[in-house]
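The values are calculated or read from the model by the stated rules, or taken from the named source; none is laboratory data. Note that the structure is predicted; figures quoted are calculated from it, not measured. Virtual Cβ from ideal backbone geometry, glycine too; neighbours counted across all protein chains shown.
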Amino acid sequence: MTPEAIESPASGPANPQGGETGRGKTSILVLDDEPIVGKRLKPFFQKAGYEVEAFNLPLEALARIEARRFDVVITDLKMEGLDGLSFLGKVKALHPDTDVILITGFATMETARQSFRKGVFDCVAKPFKLAELLDGVRRIEKERGLVP
Amino acid sequence: MELPGLKDIIARLRGKPPVPFSVLYKKFKGILERHNAILELIGDMGDKLGGDYVFDRQYIFDSCERLGDQVFKLISDLSLLCQRKNVALFTAFERIQFAIREELAGRRVLSRTDHILPMAELTHDLADAGGNKMASLGDIKNILGFATSEGFVITVGAYFEALAGAELRKPVAEAMRRLCENNGAGLAEESRALQQAILEMPLPKGLGRAVDHAVRRLAGEKNVLFAVRSSAWDEDSESSFAGMYETELGVPAAEILPAYRRVLASLFCEEALRYRLHHELCAEEPAMAVGVMPMVDAVVSGGLYTYAPLQEEDQAMVVSAAWGLGKPIVDGTAETDTYLLRREPPHELLSSDIAAKTTRLVLHPGGGTRTESVPEEERGEPCLSAAQLALLAKTAMTLEHFFKRPLDVEWAIPPGGELVVLQARPLSIRPRASAARGDVSEAAKGAPVLLSGRGVSAMGGVSAGPVHLVAEGEDLSDFPYGAILVARHSSPRYAKLMPKCRGIITDVGSATGHMATIARELRVPTLVQTGSATRTLREGQEITLDADHLVVYEGALEALCRFELVREDVFEESWEYRTLKRVLRLISPLTLLDPKNDAFAPENCKTFHDIARFVHQRAVDKLGSLAETHREIRQSAPRQLATKLPLGLTVIDIEGGLDPAAGVDAGERDIRCRPLKALMEGLNASGMWETSPVAVDMGSFMSSVTRTFGAEAAHPSRMGRNLAVISREYLNLHLRLGYHFTVVDAFLGGSMNDNAIAFRFMGGVTDLARRSRRASLVAAILEQFDFLVEVKGDMVTGRIKKHPTRPMLDKMFMLGCLIGYTRQLDAKLDSERALQRHLEEFLQRITALRETRE
């Protein structure tokens, strides 16, 4: 999948929908090996005012993470090739101030505990509501001072 | 030491000892719990289609698996309770389970094996069998209700069977892999070889006969000519392949099969193979269905782009039209009239350019087509009238809203004058604005927000239009085209408006109700349960509804609507969405309705919901009969309950439902069953009637109606008797009053999560119109009290669960009132206005009653 997010400088009054920050739009990377997840999340967050790139392949996402920093990473926990926890580890190592939301199939207490130790901001169990995820991202923006 | 099994043998010799009643009651409670869990799971699965949720393939597999497991256990529980094997029920289960697994495996269980699918049955749910292009046409015909060509599809199944018969499936796959690995080296030769193989392979046995049969059904003995059109997987969808595959026009019946082969072979034409390589479609298996449809003998034909591909005209659609058949227009070889129309209703004509049309393509009676010259006097005439243009524009915009993409619509008008849609495919040029100012986050910037974060999305999507407020019971026939419907309650009555309305917003309603289901079918953005939309939004106000983000903006936000049309993927066309919708057909409809009907039998269970319903009913019946026959519970045997109202109510107390001190002559004051107590209070609140204009004393009225059924109701062996099975928290009530039949199943007072009320209401002797009016009334009242409501004919089902016990008991009180209030109403509901009046009256009275209660 080719990321085609469009960057644009912030201008004008704050977007009532959110996503707008003083230094540009909040950026999100979505990684899930089920393509439907990226296909749904990308337009949803774009419409809500975010800059979004979505990936199905962990290695591609990893390459992207190495190339640039995202404000928020939303990743599936269980994937072929590289699991969400290792991906999370790499993200945190490269960009300690990137916040991660973990999407889990069946959230077991143990993985949840493990992931929180590794600095996960929030866990969302599949299937989840779009609004639930948006809330998570907004909380991150608030805590990081990304929104006024 | 005891010999293993010795006890059993002795027991068998002595005859089976009865299972203790407490064990059976536990089993019964287990069934109730499992039954509820199953309904909840089914409801959850339905919710996922609403657009609020993100779910994936795994979710579908897991929930089907979990549900299958629960249903199997439910039947096993019943077998234990009833001490029966329930073979027929297990067989029904296996049948449904098998069909679900086949759906999940992508193996469509078609009832027909002849590989023919009539257009009249085709929708996108069958896109795997009918290919994309024909499935879209099927949606246009069968869901949106526009005229399209008749005809049939030779399915993808036929293609695969032919391929397998000639042992070509593997060679095809290998050729595709070679091409991908070698980056297209030798593409021309591979293409030639593959096409040759397709042209020479034997077709499935019986296909010729099936085609003959289908042709005869369409045309009788008449000499009709056909269009044979490709409809491949992926064609006209995310990828396009537009114009690469073959279409043959004017094909006589006898030539259909050879034409079919040629169209199939084009699946591997060089252009299509190259397209596959360049668009990374190597992993997708090529497959094709082929549409066969009678040629429309058109007087005028043409095309329409819902977005004009012109720099200066951003907000226009463009129509090209010429005399005769449409092929020269599509090919760009004919002189055509060109009209520009505004995209917004009423689609005003911006410009028209009338060409001198010297030739036209017509059908050749012997087969094929020929070009002839247009009579002098018609050459300079416009092909389309203003009315025809307006109809075309409305049709195209409705299609665009449904498919959520800018479209290229091919159409024709036969001598009779009715517009026929020949095909609609995504326009490969996307709206210009998306590329240039594609920043969608800016789209809603600064727009005043009228509603935000309230309500539930029953169908996602974005659309703009003027508000049209619809009052309860209002005549819907003059609903303005292109408006957004705003109403207090959701109602299945709005179904017929959906093709012309752009969106729906209600104050009250559920995302799983009947209306929501239809809205999803027609893809109308729908927001329910907003609480206050009818008060916030004004008649005629231009708004933009974003049902994905639960926001209503003031004004028409063109850019936001446009974004909807430039998405790469349409959710409703995804594998996940289509598959969930298909398996739900085997899961959630309830087709077993009336337990007194002979059809209420295991063999007739068509869905998991049916099975759950059947088991639940049998379990309740069994408990009733056990309570009458089980030797252990003589003391809690059926008791006639003395009530203020002559209800003829028999009570079976399983556990703490009546005061232990009460004897055979138990009365209302002895009721300890919380749900029954609350319901009786509602029934007894007969103050509701004292101001009623009908001068009938409540008691005598009720007894006169009950008396009609008195003898029957008193007979304990009959279904339909007035029977309450109760414990302290549980009530299962079958109440027949007059001609109305009410079932209440409630469990209240355990943990909040177990609290549940299910209410069902049906029957009546008046005409169907009045009965359905009463059903709408009951539904509206239930929705007012936050029930999830479903209406089927004159049957209303309302469910509510997981609220704290106190408010749930209030709802039981309300149900008592409702049962009493609606009983006498049938005859009086002679108009929609009467319905509205009674709705208001009931709500007023219950408000007053509740105030005095508090």
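Kindly indicate whether any position in the range B:448-459 is under 24 Å from B:H347 (Cβ atoms) and not assigned by TED's automatic domain parsing to the domain that holds B:E400.
Scanning the range B:448-459, I find no residue that is under 24 Å from B:H347 (Cβ atoms) and not assigned by TED's automatic domain parsing to the domain that holds B:E400, so the answer is no.
I'd like to verify a number: residues in the range B:49-69 that are surrounded by fewer than 21 Cβ atoms within 10 Å (Cβ to Cβ) and touching a Ser or Thr at 6+ places or on another chain (Cβ under 9 Å), how many?
Count: 1.
Looking only at residues in the range B:445-487 that are of a type in the set (S, T, Y) and in contact with a helix residue (DSSP H, G or I) (Cβ under 7 Å, 6 or more places away or on another chain), which one is nearest to the other protein chains (Cβ to nearest Cβ)?
Checking each candidate, the answer is B:S457.
I'd like the full set of residues that are polar (S, T, N, Q), surrounded by fewer than 24 Cβ atoms within 10 Å (Cβ to Cβ) and under 12 Å from B:V486 (Cα atoms), limited to the range B:501-529.
B:Q529
Got at least one residue in the range B:60-72 being away from chain A (no Cβ under 14 Å), out of contact with any Cys (no Cβ under 8 Å at 6 or more places or on another chain), at pLDDT 90 or above and over 13 Å from B:I100 (Cβ atoms)?
Yes, the range B:60-72 has at least one match.
Do you know which residues across the range B:499-540 are in a helix (DSSP H, G or I), among the aliphatic types (A, V, I, L, M) and either more than 20 Å from B:R454 (Cβ to Cβ) or free of Cβ contacts under 8 Å to residues at least 60 places away in the same chain (or both)?
B:M515, B:I518, B:L522 - these are the residues of the range B:499-540 that are in a helix (DSSP H, G or I), among the aliphatic types (A, V, I, L, M) and either more than 20 Å from B:R454 (Cβ to Cβ) or free of Cβ contacts under 8 Å to residues at least 60 places away in the same chain (or both).
If B:D139 passes every condition in (1) among the acidic types (D, E); (2) without any contact (Cβ under 8 Å) to a residue 60 or more places away in the chain; (3) in a helix (DSSP H, G or I) but one, which one does it miss?
B:D139 satisfies every listed condition except (2).
Only one of (1) modelled with pLDDT of 90 or more; (2) under 14 Å from the mean Cα position of the chain (by Cα) fails for A:L102. Which number is that?
(1)
Only one of (1) touching a Ser or Thr at 6+ places or on another chain (Cβ under 7 Å); (2) modelled with pLDDT of 90 or more fails for B:L815. Which number is that?
Looking at each condition in turn, B:L815 falls short on (1).
For the range A:126-142, enumerate the residues that are within 11 Å of another protein chain (Cβ to nearest Cβ), touching a helix residue (DSSP H, G or I) at 6+ places or on another chain (Cβ under 8 Å) and assigned to a helix (DSSP H, G or I).
A:L130, A:L133, A:L134
Please determine whether any residue of the range B:40-52 is away from chain A (no Cβ under 14 Å), at pLDDT below 90, over 20 Å from the mean Cα position of the chain (by Cα) and in a helix (DSSP H, G or I).
No - not one qualifying residue is present in the range B:40-52.
What is the residue count in the range B:401-433 for residues that are within 14 Å of another protein chain (Cβ to nearest Cβ) and either at pLDDT 75 or above or within 32 Å of the chain's Cα centre (by Cα) (or both)?
The qualifying residues number 3.
Table: residues versus (1) surrounded by fewer than 24 Cβ atoms within 10 Å (Cβ to Cβ); (2) modelled with pLDDT of 85 or more.
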| residue | (1), (2) |
| --- | --- |
| B:A289 | no, yes |
| B:P294 | yes, yes |
| B:A298 | yes, yes |
| B:G303 | yes, yes |
| B:P309 | yes, no |
| B:Q315 | yes, no |
| B:V318 | yes, yes |
| B:E335 | yes, yes |
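Is one or more of the residues making up the range B:74-90 more than 14 Å from every other protein chain (Cβ to nearest Cβ), among the polar types (S, T, N, Q), outside any helix (DSSP H, G or I) and over 22 Å from the mean Cα position of the chain (by Cα)?
yes
Enumerate the strands (runs of 3 or more DSSP E) found wholly within the range B:541-660, keeping only those where 2 or more residues are out of contact with any Phe, Trp or Tyr (no Cβ under 8 Å at 6 or more places or on another chain), within 14 Å of another protein chain (Cβ to nearest Cβ) and at pLDDT 80 or above.
B:551-554
Looking at the range B:123-141, is at least one residue at pLDDT 90 or above and surrounded by fewer than 18 Cβ atoms within 10 Å (Cβ to Cβ)?
Within the range B:123-141 (the criterion being at pLDDT 90 or above and surrounded by fewer than 18 Cβ atoms within 10 Å (Cβ to Cβ)), the answer is no, since none of the residues qualifies.
Scan B:R520, B:R493, B:R535 and give me the residue that is more than 21 Å from B:Q784 (Cβ to Cβ) and basic (K, R).
After ruling out the rest, the residue left standing is B:R520.
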